Amino acid sequence: MVTPTTPDADELDDLSQDAMLEDDLAVPDGPIEDEVSARERRTYVRTIADAPSSDSERQSLLARIAIRKIAVGSAPRIMAGATLGEATRAIRRSTDRDRVADLVIDTLDRFAPACEAAILLVIRGTTAIGWKGFQRTGTGLGEIAVPMEAGGLVPRAIELNVTLRRSSGELDAIDGLLLASLGRRDGDLVVVPISIADQAMCVIAIATAENAPIACAEPVAAAAGAAFARLMRDASR
């Protein structure tokens, strides 16, 4: 029996780096003055905390945040007719990080009809950066990056390693922007941690109608955590 070790951010980075290429980071237009300023601009990711107050300016900003989008229809799918138990087993048995993430999103899409949008956020330093997600309307999610130092449900869920849920009227400014980025101005924001060796390393952020049931979210997150932990162990051998 292998005793799980506590992962660190670098290990999870190794699992997710192909999905969030550094070359995708947005760099402002204009000449590069020197090597230091170039490096700073390559590594800076604007978050929803930087968003202006107007809707049009916010949408323009979100379009510039550098993460990858995903269309659920192009991702690996759970076999037709599968049960939730079979879907979570498929997640646990996935052979690479991208398939884990794809099947998490597909399982939520299929088994949580009240889930109107969801995105996997991976913690990288002081920012939770969107990896893969879906929006039930089919319009596709904008690009999302959430600051971890500004408070809100995402850093709190990571700290406590528990699922947190708030209605739109109870959300602070950052959480309200996250809910809006998922396509809702009202309803609930739900943040479900994905734990590896009892440490939350990423989360699933979900937008849903107020008090709508999404009971499958925690089993899906648990399956993803088990899959990532196994992939980390395998990579360290």
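The values are calculated or read from the model by the stated rules, or taken from the named source; none is laboratory data. Keep in mind that this is a model prediction, so the values were computed, not measured. Every residue, glycine among them, receives a Cβ derived from its backbone with ideal geometry; neighbour counts consider all protein chains shown. The protein model used for the area step is the full one, side chains on, heavy atoms only, and it has no ligands, DNA or RNA in it. Shrake-Rupley method; radii C 1.70, N 1.55, O 1.52, S 1.80 Å.
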- For segment 197-219, pairs from a residue that is of a type in the set (D, E, K, R) to a residue that is assigned to a loop (DSSP other than H, G, I, E, B), with Cβ under 9 Å and 6 or more apart or across chains, are ASP198/PRO4; ASP198/THR6; ASP198/ASN161; GLU210/ASP186; GLU210/GLY187; GLU218/THR163
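For THR83, are the conditions met, namely being touching a residue at least 60 places away in the same chain (Cβ under 8 Å) and hydroxyl-bearing (Ser, Thr, Tyr)? If you could, list the steps in order and put the result at the bottom.
On the way: touching a residue at least 60 places away in the same chain (Cβ under 8 Å): no; hydroxyl-bearing (Ser, Thr, Tyr): yes.
Answer is no for this residue.
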- Which residue pairs have Cβ atoms under 8 Å apart, sit 6 or more places apart or on different chains, and have a first residue in segment 116-127 that is more than 13 Å from ILE144 (Cα to Cα) and a second that is open to solvent by 10 Å² or more (accessible area, probe 1.4 Å) and part of a strand (DSSP E or B)? GLU116/GLN135; THR126/PRO147
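Can you name every residue in segment 144-161 that is assigned to a helix (DSSP H, G or I) and in contact with a Leu (Cβ under 9 Å, 6 or more places away or on another chain)?
Keep residues of segment 144-161 that are assigned to a helix (DSSP H, G or I), which gives 153-160.
Scanning segment 144-161 gives LEU153, VAL154, ARG156, ALA157.
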- Message: Any residue that is touching a residue at least 40 places away in the same chain (Cβ under 8 Å) and in contact with a Lys or Arg (Cβ under 9 Å, 6 or more places away or on another chain) - is there at least one of those in segment 184-195?
- Response: no
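In this structure, does GLY176 turn out to be assigned to a helix (DSSP H, G or I) and either over 21 Å from VAL104 (Cβ atoms) or open to solvent by 20 Å² or more (accessible area, probe 1.4 Å) (or both)? Working first, answer last.
Working: assigned to a helix (DSSP H, G or I): yes; either over 21 Å from VAL104 (Cβ atoms) or open to solvent by 20 Å² or more (accessible area, probe 1.4 Å) (or both): yes.
Yes.
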- Task: Scan (1) closer than 13 Å to ALA117 by Cβ; (2) assigned to a strand (DSSP E or B); (3) open to solvent by 20 Å² or more (accessible area, probe 1.4 Å) for the single condition ALA205 breaks and write down its number.
- Result: (3)
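Determine if segment 217-237 includes at least one residue that is of a type in the set (A, V, I, L, M), outside any helix (DSSP H, G or I) and within 18 Å of the chain's Cα centre (by Cα). Spell out the reasoning first.
Filtering segment 217-237 down to residues of a type in the set (A, V, I, L, M) leaves 217, 220-224, 226-227, 229, 231-232, 235.
In the following step, the residues that additionally are outside any helix (DSSP H, G or I) were identified as none.
No, that holds for no residue.
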- Item | Per-region count, segment 144-159, residues more than 24 Å from ALA212 (Cβ to Cβ), in contact with a Pro (Cβ under 9 Å, 6 or more places away or on another chain) and open to solvent by 30 Å² or more (accessible area, probe 1.4 Å) | 2
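This table checks each residue for (1) under 19 Å from GLU210 (Cα atoms); (2) open to solvent by less than 20 Å² (accessible area, probe 1.4 Å); (3) at pLDDT 95 or above; (4) among the acidic types (Asp, Glu).
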{"position": "ARG110", "(1), (2), (3), (4)": "no, no, no, no"}
{"position": "GLY130", "(1), (2), (3), (4)": "no, yes, no, no"}
{"position": "GLY142", "(1), (2), (3), (4)": "no, no, no, no"}
{"position": "ASN161", "(1), (2), (3), (4)": "no, no, yes, no"}
{"position": "SER167", "(1), (2), (3), (4)": "yes, no, yes, no"}
- Item | VAL122 touching a Ser or Thr at 6+ places or on another chain (Cβ under 6 Å) and open to solvent by less than 50 Å² (accessible area, probe 1.4 Å) | yes
- Note on the structure: Counting only residues in segment 208-237 that are open to solvent by 10 Å² or more (accessible area, probe 1.4 Å) and among the polar types (S, T, N, Q), the one farthest from ASP102 (Cα to Cα) is identified as ASN211
